[in-house]
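Reviewing the structure listed below.
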Amino acid sequence: RDGSILSFPAGATYRLTQGLQLANRHNLVFEGNGATFKVDPAALGSDQLASPFILGHQYDGVWAGENSDIAIRNFRLVGNAPTPGRYVAGQEGEAGLEIVATARVEISGITASAFPGDDVFFEDVNGGWLHDSHFASAGRNGVAVISGTAILVERSAFDVSGYCTFDIESNDITQDAADIMFLDNTAGTW
């Protein structure tokens, strides 16, 4: 229910064929306690719904969201990229965290690797805070901001990105990105 803390057992591992998908949810805390979400090798890297966390859910090709005040903390996320850290066209859909149509989201203490797409993908986000996390390899971008305002990425490490480490790019003229800040991060190779 809205207003809940969802706490996962320390050391637990979950195999995902699809990720946790949220739409129209509010005031939730996902406390990982070091639990691992591992994407099944059979899940398609071209499918956003194979991302471990999907805030904003796709219904019949249309994204619905309107989530607010969500915190995701202390998870280990493992993708299924066959060539971690290398860009492969057509396989960039699966991200570590797919954040769409959400207001005020905090992401912290994440350790992630081997996603064919972005480590973190933001679209139509108002108030995003990604901090104190470590991303070993992404096939596309470390952080992609398609549209949104007041997004802060700080004190995080991005070891290998197959394309760009930090990317701000609108898909079309209806999408704006403003007040986006990258502070005190480490970017390896891209």
*Out of the range 64-105, which residues are without any contact (Cβ under 8 Å) to a residue 60 or more places away in the chain and open to solvent by 60 Å² or more (accessible area, probe 1.4 Å)?*
GLU66, ARG73, ASN74, ARG76, PRO82, ALA89, GLN91, ARG104
*What residue, of ALA112, ALA157, ALA144, is within 29 Å of ASP40 (Cα to Cα) and touching a Leu at 6+ places or on another chain (Cβ under 7 Å)?*
ALA112
*If a residue has to be basic (Lys, Arg) and within 18 Å of LEU16 (Cα to Cα) to count, how many in the range 74-87 make the cut?*
1
*Report yes if some residue within the range 165-179 is under 25 Å from GLY34 (Cα atoms), surrounded by fewer than 24 Cβ atoms within 10 Å (Cβ to Cβ) and touching a residue at least 24 places away in the same chain (Cβ under 8 Å); otherwise report no.*
yes
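Among the listed residues LEU20, LEU6, which satisfies the condition of being under 28 Å from ASN126 (Cβ atoms), within 15 Å of the chain's Cα centre (by Cα), free of Cβ contacts under 8 Å to residues at least 40 places away in the same chain and open to solvent by 50 Å² or more (accessible area, probe 1.4 Å)? Lay out the reasoning, then the answer.
Details: LEU6 fails: within 15 Å of the chain's Cα centre (by Cα).
Going through LEU20, LEU6 in turn, just one is under 28 Å from ASN126 (Cβ atoms), within 15 Å of the chain's Cα centre (by Cα), free of Cβ contacts under 8 Å to residues at least 40 places away in the same chain and open to solvent by 50 Å² or more (accessible area, probe 1.4 Å): LEU20.
The values are calculated or read from the model by the stated rules, or taken from the named source; none is laboratory data. Fair warning: this is a prediction, and the values are worked out from it, not measured in the lab. Cβ: placed from backbone, ideal geometry, glycine included. Neighbour counts: every protein chain shown. With ligands, DNA and RNA removed, areas are computed over all heavy atoms of the protein, side chains included. Shrake-Rupley method; radii C 1.70, N 1.55, O 1.52, S 1.80 Å.
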